[in-house]
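Worksheet for the structure shown next.
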There are 2 protein chains.
Amino acid sequence: MLIDLMKDTRSFRRFKQEPAPTMANLISLIDIARLTPSTANRQPLKYVLVKSEQVLPEVFSCLTWAGYLKDWDGPSTSEQPSAYIVILSDSALSKHPGIDVGLAAQSILLGAQELGFGACLLAAIDRPRLGEVLDLPENLEIQLVVALGTPGEEVRLASVGDDGSIRYYRDEQDVHFVPKRSRDELIEKTL
Amino acid sequence: MLIDLMKDTRSFRRFKQEPAPTMANLISLIDIARLTPSTANRQPLKYVLVKSEQVLPEVFSCLTWAGYLKDWDGPSTSEQPSAYIVILSDSALSKHPGIDVGLAAQSILLGAQELGFGACLLAAIDRPRLGEVLDLPENLEIQLVVALGTPGEEVRLASVGDDGSIRYYRDEQDVHFVPKRSRDELIEKTL
């Protein structure tokens, strides 16, 4: 059932180094993203798939992690992602690819989870530097980085508390909790 | 397998009137959307669920269909959607909800398909008029309309032809074809 896959598809920010996604795994996720709807069917998104030991740390150095965890500097060397999919948009095909980016990203996240991997979408990116690392042509704009690997942390859903805070947090056992708004809060009205 | 659900999840623009999604079906899709990742976990999206016979035609009158099909004025009365989910964003929670909209919309599309319904995302909306129809407060901005129902047309994936056109089209048998770019065109590079 999709709902079970959705529950399991959390944002993971700490990874085990093995097993790592293979290049064939990454390509299979593009096969899934390819089938995603696209605004006016323009399909402006392109992808860079990163697996090489040389490039992984270079991509990592362009990313900022977990804005709400002020006491955490991001994954340690042994916790870093073992693969990345960089989502690009071709400005010659679409000037406003925002919805397409989200549609495709959700397909990739669900596909990665089905393969037994975890992922995290990162939008806090040093784009000029990552553009140099990936040696991108000018028409391709960096939209999101999908960090991938075998999850190395436990992530649990929680309810939003009385203080209304939606900031994720970790407890004493280092479990990561993600407060989700209730169904009733999301449904504005039924007609 | 997710890939099979993805292949089946096409954009449908002509519907049978029965069976129509129930309000319980629509609520179950919000339960799925609720589990979708959200930028900085802000969860700025809200939803209006529309089923009533009075409101359905009013929502329909705010929508423009299938820009590439110049000879088609949209679904006839007997082909119209039998439910809508209107995706809103709360401007007090996020000024740039674009990626969140796509993430949640893809969850809803896949969930609808799993239930046996078809859907279409519509962004060409008379927003001022729909805002009046739904009687929305000022902080809620209309992002997308998800039209839902039992599919009343056949939709097939196709390859992009030599002319490079990604415009969808219908053949003499009224089958709707959607040209998708190839995997090789989408993968900019592997590293």
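May I ask you to evaluate 6.51 cos²θ - 1.76 cosθ + 1.60, the Karplus curve with θ = phi - 60°, for each residue of the stretch A:111-127 and list the ³J(HN,Hα) values in order in whole Hz, giving x for glycine and proline?
x, 5, 4, 4, 7, x, 9, x, 8, 8, 7, 10, 10, 8, 10, 6, 5
Between B:Q80 and residues 5 or more places away or on another chain, which pairs have amide H atoms under 5 Å apart, with H built 1.01 Å from N, and which residues are they?
B:F15
Quick one: accessible area per residue over the stretch A:124-191, 1.4 Å probe, rounded to a whole number of Å²? Write out the running numbers ahead of the final one.
Numbers: 3680 Å² over 68 residues.
Accessible surface, normalised per residue, equals 54 Å².
Could you work out what % of the accessible surface of the stretch A:26-73 is carbon and sulfur, using a 1.4 angstrom probe and leaving DNA, RNA and ligands out of the count?
Details: 940 of 1960 Å².
Taking all protein chains in place, the stretch A:26-73 shows 48 percent carbon and sulfur surface.
Determine the shielding of peptide B:42-52 by partner chains: average, over its residues, the number of Cβ atoms on other chains within 10 angstrom of each Cβ. Present the calculation step by step, with values, prior to reporting the outcome.
Working: counts 3, 8, 2, 3, 6, 6, 5, 5, 3, 2, 2.
That works out to 4 on average.
Cα atoms only: what Rg and Dmax, in Å, come out for the stretch A:1-112?
Over the stretch A:1-112's Cα set, Rg and Dmax evaluate to 15.3, 44 Å.
What is the distance in Å between the Cα centroid of the stretch A:99-166 and that of the stretch B:150-186?
Each part reduced to its Cα centre gives a spacing of 29 Å.
Along the Cα→Cβ direction, 7 angstrom out, place labels at A:S182 and B:T22. What is the inter-label distance in nm?
2.3
Per residue of the stretch A:183-191, what does 6.51 cos²θ - 1.76 cosθ + 1.60 with θ = phi - 60° give for ³J(HN,Hα)? Whole Hz please, x for Gly and Pro, Karplus curve as stated.
Rounded to whole hertz, the list is 3, 5, 6, 7, 8, 5, 6, 10, 10.
In the stretch B:100-118, what residues drop by 50 Å² or more in accessible surface going from the chain by itself to the full protein assembly, probe 1.4 Å?
Those residues are B:L103, B:Q106, B:E114.
At what distance in nm do the modelled label points of B:W72 and A:A124 sit from each other, each positioned 7 Å from its Cα along Cα→Cβ?
4.5
Looking at the stretch A:83-139, which GluC sites (Glu not before Pro) are DSSP coil and have at most 15 other C-beta atoms within 10 Å of their C-beta?
Numbers: sites: A:E114, A:E132, A:E138; in loops: A:E138.
Passing both the DSSP loop test and the Cβ count: A:E138.
Filter the GluC sites (Glu not before Pro) in the stretch B:50-111 down to the DSSP loop ones having no more than 10 other Cβ atoms within 10 Å, then list what survives. List each step's numbers first, then the result.
Details: sites: B:E53, B:E58, B:E79; in loops: B:E53.
Filter output for the stretch B:50-111: B:E53.
Under a straight-distance cross-link criterion of Cα-Cα below 23 Å, which lysines are reachable from A:K7, leaving out those fewer than 8 residues away in the same chain?
A:K16, A:K180, B:K7, B:K46
Apply 1/(1 + (r/R0)^6) to the Cβ-Cβ distance of B:T190 and A:D31, taking R0 = 22 Å, and write down the FRET efficiency to the nearest 0.05. Please report the intermediate quantities before stating the final value.
On the way: r = 14 Å, r/R0 = 0.64.
For B:T190 and A:D31, the calculated efficiency is 0.95.
Using a 1.4 Å probe on protein heavy atoms only, how many Å² of accessible area do B and A hide from each other, summed over both chains and rounded to 100?
Details: alone 11240 and 11240 Å², together 16540 Å².
Approximately 5900 Å², summed over both chains.
With the full set of protein chains in place, find how many percent of the accessible area of the stretch A:84-191 is carbon and sulfur; take the probe as 1.4 Å. Please list the in-between numbers first.
Details: 2070 of 4660 Å².
Whole-percent figure for carbon plus sulfur exposure: 44.
Amide H neighbours of A:Q143 under 5 Å, at least 5 residues apart or on other chains, H built in the peptide plane: list them.
A:I87, A:L88, A:S89
Which percent, nearest 5, of DSSP beta bridges in chain A are antiparallel?
Roughly 80 percent of the beta bridges in chain A run antiparallel, per DSSP.
Summing Lys, Arg as +1 and Asp, Glu as -1, what charge do residues with Cβ under 13 Å from the Cβ of B:R129 carry, B:R129 excluded?
Here the charged neighbours net out to -3.
If you take every DSSP beta bridge fully contained in the protein assembly as shown, what fraction is antiparallel? Give it as a percent rounded to 5. Don't skip to the end; give the middle numbers.
Details: 48 of 66 bridges.
Of all bridge pairs located within the protein assembly as shown, approximately 75 percent are antiparallel.
For B:S182, A:S89, B:S52, write out the residues from largest to smallest accessible area, computed with a 1.4 angstrom probe and no ligands counted. Could the numbers behind the result be given before it?
Details: B:S182 55, A:S89 0, B:S52 30 Å².
From most accessible down to least: B:S182, B:S52, A:S89.
So with the 1.4 Å probe, I'd like the accessible area per residue for the stretch A:1-83, rounded to whole Å². Before the final figure, lay out each step's value.
Details: 3620 Å² over 83 residues.
So the stretch A:1-83 comes to 44 Å² accessible per residue, rounded to a whole number.
Run the numbers on the stretch A:157-191: which residues show a drop of 50 Å² or more in accessible area, chain on its own versus all protein chains together, using a 1.4 Å probe over heavy atoms?
A:K180, A:R181, A:R183, A:L186, A:I187, A:E188, A:K189, A:L191
Partner chain Cβ atoms within 10 Å, averaged over the residues of B:25-33 - can you pull that number for me? Show your work: numbers first, answer last.
Numbers: counts 0, 2, 4, 2, 1, 4, 4, 6, 3.
Going residue by residue through B:25-33 and averaging, the value is 3.
Tally Lys and Arg at +1 and Asp and Glu at -1 over the other residues with C-beta under 15 Å from the C-beta of B:E114: what net charge comes out? Don't skip to the answer; put the middle values down first.
Details: positive: A:K7, B:K7, B:R10; negative: A:D4, A:E114, B:D4, B:D8, B:D31.
Every neighbour counted, the sum reads -2.
Read phi for every residue in the stretch A:73-84 and hand back ³J(HN,Hα) as whole Hz from Karplus 6.51 cos²θ - 1.76 cosθ + 1.60, θ = phi - 60°, with x for Gly and Pro.
Karplus values, whole Hz, x for Gly and Pro: 8, x, x, 6, 3, 7, 10, 6, x, 9, 6, 9.
The values are calculated or read from the model by the stated rules, or taken from the named source; none is laboratory data. What you see is a predicted model, and the numbers here were worked out from it, not measured in a lab. Backbone-built Cβ (ideal geometry, glycine too); neighbour counts: all protein chains shown. Note: accessible area is taken over every heavy atom of the protein model, side chains too, but ligands, DNA and RNA are not part of it. Shrake-Rupley method; radii C 1.70, N 1.55, O 1.52, S 1.80 Å.
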